[in-house]
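Read through the structure below, which is laid out as structure tokens, and then see the notes.
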Amino acid sequence: MEYVVGLDIGSSFSKAVILGDGSLLAYGVSPTSGNFSTAADLVLGKAIQKAKLSMADLTLIGACGLGVPFISRPFTKIAELSCHSRGAHYFMPTVRTLIEVGNQSTRVMKTTSKGKVTDYVVSDKCAVGSGRILQIIAKVLKVDIEQLGQLSEKSTGPAKFTTNCAVFLETEAISRIAEGTPKEDIIAGLHRTLASKIGAIIHRLKIEADCMMTGGAALDGGLVAMMEKEIGQSIRVPEQPLITGAIGAALIASEKAAS
Amino acid sequence: MRDVLANSSLSFEEIDYIVATGYGRINVPFADQQVTEIKCHMRGVHSLFPNVRTIIDIGGQDSKGIKVKDGRLVDFIMNDKCAAGTGRFFEVIADVLGVKLEEIGQRSLLSEHPANISNLCTVFAEQEALMRLSEGTSVEDILAGIHKANACRIYTMVARIKIEKDVAITGGGAMNIGLVKALERKIGFPVVVAPEPLITGALGAALIAGETAAALGPRKLEGMKEKRRLEAVTFFDQESKPEHGKWH
């Protein structure tokens, strides 16, 4: 069997997958914590362990993400957008619109039935268009980032925010806490602000069904629900939305090697 | 208010007329009139530097460009949507680099090779600064890069109302020598900075108050003072100890 690795070394999380003859065998996810090189080694080790393989069994590594230049093993670099769209296609071949909300950017891609990108928009200038703001607010509210979605769904009246800047949003959230606004409402309000900002990015493309959302922010069910309202489409989230880029990297690398 | 009365050995009753300005101007119960900070800034700067045509006010939460002709407002532009180009940006960066806010300007001037800071979003720039730091870039070079990027942002905004000589910088940002120098480089000629750049708005408010008081005449003023005294008494009673931040 041919074992191919896909690595996606992001600014917040590092992801590794191992494919055996084109199907997912194992994956690992771990925080990048500022050191790309160590994070890449660590997450690859995790995936290898889960797959019960050793380094010598691996034939090829395909990689993408911000930390690519720091990977210490030989690898094939794959364009990021191609990786994401290909990975989304692996999970669901009917995807035509992919919304990837990561730590530093939001990317919206239109994809074909073969998982190729035909058009895209990237927003990486402002933290409110990215998943980064979720981390900031979770910290301010002292809640686990994983709980944001559940808390948001319990809100009866989302708090109103007057700003679109992550820094000022943080300040406003603190004022709301001081005024006694329940944190459920603060989170729901934040999700609404973020959804409308991401919605504005999405609407720059003519989107088609099916829609899929990936990246760390897709783990936040509250945000996904607000996004569905915002764009008027149902949004699918794969079971593990963080690893689509890594899967795509592995698939494309092995195709490149075969040709 | 209490501080300034103590410093000038005046009593509240001796004050003829009070104009409040700034974000909190509507929360000053004993003020006779509220005037926008743009008008007050303009007036304050005009009294110090009559030749100023362009005022760049860099506050803690916003930055403004004000265009003046013969002491009158001609044009105006403002950024209060985004922390970039405001004092807030510098607070965040000073904090992450572990440098005192008062020192960042001076230290940025020691840089010989300003770092390239490509992000203007405060949140991303904070991460970028940390990354440069871990790569071994000196704090001075990072600060110089940060100042350059923000000067660029502020310049681009103010340039939309056409920058004309003389240019004055006011607000907390004017106390940051690194930012003033970076802006001068961008604008292409020297700018003027008031000796106390934080109080130009208040100075303008006082000048406007003086004019209004003169126009009203002593009899009307007496009546107003009586009304104000009642409000002030309740206010001073409630706030027997002024808390930090109450007087902005």
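Annotation for the stretch B:82-97 versus the stretch A:1-77: alpha-carbon center distance of 36 Å.
I want the local charge near residue B:66. Using Cβ-Cβ distances under 15 Å, sum +1 for each Lys or Arg and -1 for each Asp or Glu among the other residues. Within the 15 Å Cβ shell, the charges total +2. Rolling a 1.4 angstrom probe over the stretch A:50-126 with all protein chains present gives an accessible area of which 56% lies on carbon and sulfur atoms. Among the residues of the stretch B:113-128, those with an accessible-area drop of 30 Å² or more from chain alone to full protein complex, heavy atoms and 1.4 Å probe, are B:121, B:123, B:124, B:127. Per residue, the stretch A:207-259 exposes 39 Å² of accessible surface when a 1.4 Å probe is rolled over the protein heavy atoms with every protein chain present. Per residue in the stretch A:133-175, which ones lose no less than 20 Å² of accessible surface when going from chain alone to all protein chains (1.4 Å probe)? In the stretch A:133-175, residues shielded by partner chains: A:165, A:167, A:168, A:171.
At a threshold of 50 Å², the residues of the stretch B:75-111 that become less accessible to a 1.4 Å probe in the full protein assembly than in their chain on its own are B:88. Hey, how many Å between the Cα centroid of the stretch A:142-207 and the Cα centroid of the stretch B:29-50? Each part's Cα centre sits 36 Å from the other's. Given a 1.4 Å probe and the protein chains as shown, residue B:157 ends up with an accessible area of around 20 Å². In the elastic network of chain B, a GNM with C-alpha springs shorter than 10 Å, the most mobile of B:198, B:230, B:207 is B:230.
Tell me, what % of the accessible area of chain B is carbon and sulfur with a 1.4 angstrom probe? Mind showing how you got there, number by number?
Values: 7000 of 13240 Å².
Carbon and sulfur: 53 percent of the exposed surface of chain B.
Rolling a 1.4 Å probe across all protein chains gives residue B:23 an accessible area of roughly 150 Å². The phi-based Karplus calculation (6.51 cos²θ - 1.76 cosθ + 1.60; θ = phi - 60°) puts the 3J(HN,Hα) values of the stretch B:103-119 at 9, 4, x, 4, 5, 5, 6, 7, 6, 9, 10, x, 5, 8, 9, 8, 9 Hz, whole numbers, x for Gly and Pro.
How much of the accessible area of the stretch A:169-241, in percent, comes from carbon and sulfur atoms when a 1.4 Å probe is used?
Values: 1500 of 3150 Å².
Whole-percent figure for carbon plus sulfur exposure: 48.
In this assembly, the B-A interface accounts for approximately 1200 Å² of buried accessible surface in total, computed with a 1.4 Å probe and without ligands, DNA or RNA.
Using heavy-atom solvent-accessible surface (probe 1.4 Å) with all chains present, what is the largest-first order of B:141, B:166?
Numbers: B:141 30, B:166 60 Å².
The residues order as B:166, B:141, largest area first.
Per-residue Karplus couplings for the stretch B:145-152, computed as 6.51 cos²θ - 1.76 cosθ + 1.60 with θ equal to phi - 60°, are listed in order as x, 4, 5, 5, 4, 6, 4, 4 Hz, Gly and Pro entered as x.
Leaving out ligands and nucleic acids, note down the accessible area per residue over the stretch B:120-166 with a 1.4 angstrom probe, in whole Å². Don't jump to the answer; show the numbers that get you there.
Working: 2070 Å² over 47 residues.
About 44 Å² of surface per residue is accessible.
Remark on residue A:14: its backbone amide H falls under 5 Å from those of A:30, A:32, a criterion applied only to residues 5 or more positions apart or on other chains, H modelled at 1.01 Å from N.
Annotation: amide H of residue A:111 within the under-5 Å range of A:97, A:98, A:118, sequence separation 5 or more or interchain, hydrogens built in the peptide plane. Neighbours of residue A:125, meaning other residues whose beta-carbon lies under 15 angstrom from its beta-carbon, give a summed charge of +3 when Lys and Arg score +1 and Asp and Glu score -1. Taking a Cβ cut-off of under 13 Å around residue A:233, the surrounding Lys, Arg, Asp and Glu residues balance to a net charge of 0, with basic ones at +1 and acidic ones at -1. Given springs between every Cα pair under 10 Å in a Gaussian network model of chain B, which of B:105, B:85, B:223 has the largest fluctuation? Highest fluctuation among the options: B:223. Answer rounded, prolate or oblate for the stretch B:1-105, using the Cα gyration tensor with square roots of eigenvalues a ≥ b ≥ c: rounded when a/c is under 1.5, else prolate when a/b is larger than b/c, else oblate. Taking the square roots of the gyration eigenvalues as a ≥ b ≥ c, the stretch B:1-105 is oblate.
Just check the stretch A:38-92 against the gyration tensor rule for me: Cα atoms, a ≥ b ≥ c as the square roots of the eigenvalues, rounded for a/c under 1.5, and otherwise prolate or oblate depending on whether a/b exceeds b/c.
On the way: a/c = 1.95, a/b = 1.30, b/c = 1.50.
Oblate is the answer for the stretch A:38-92, as a/c is 1.5 or above yet b/c matches or exceeds a/b.
Summarising the strand pairing of chain A, around 65 percent of its internal DSSP beta bridges are antiparallel. Counting only heavy atoms of the protein chains and using a 1.4 Å probe, residue A:162 has close to 130 Å² of accessible surface. Of B:47, B:63, B:134, which is the most mobile in a GNM of chain B whose springs link Cα atoms less than 10 angstrom apart? Fluctuation is largest for B:134.
Under a Cβ-only charge scheme (Lys and Arg +1, Asp and Glu -1), can you give me the dipole magnitude of the stretch B:19-144 about the Cα centre, in debye to the nearest 20?
On the way: 13 positive and 17 negative charges, 148 e Å.
With Lys and Arg at +1 and Asp and Glu at -1, about 720 debye.
Amide H contacts for residue B:33 (H built 1.01 Å from N in the peptide plane; partners 5 or more residues away or on another chain; cut-off under 5 Å): B:18, B:20.
The values are calculated or read from the model by the stated rules, or taken from the named source; none is laboratory data. Because the structure is predicted, anything quoted here is derived from the model rather than measured. Every residue, glycine as well, gets a Cβ built from its backbone with ideal geometry; the counts of neighbours run over all protein chains shown. In case anyone asks, the SASA skips ligands and DNA or RNA and just uses the protein heavy atoms, side chains included. Shrake-Rupley method; radii C 1.70, N 1.55, O 1.52, S 1.80 Å.
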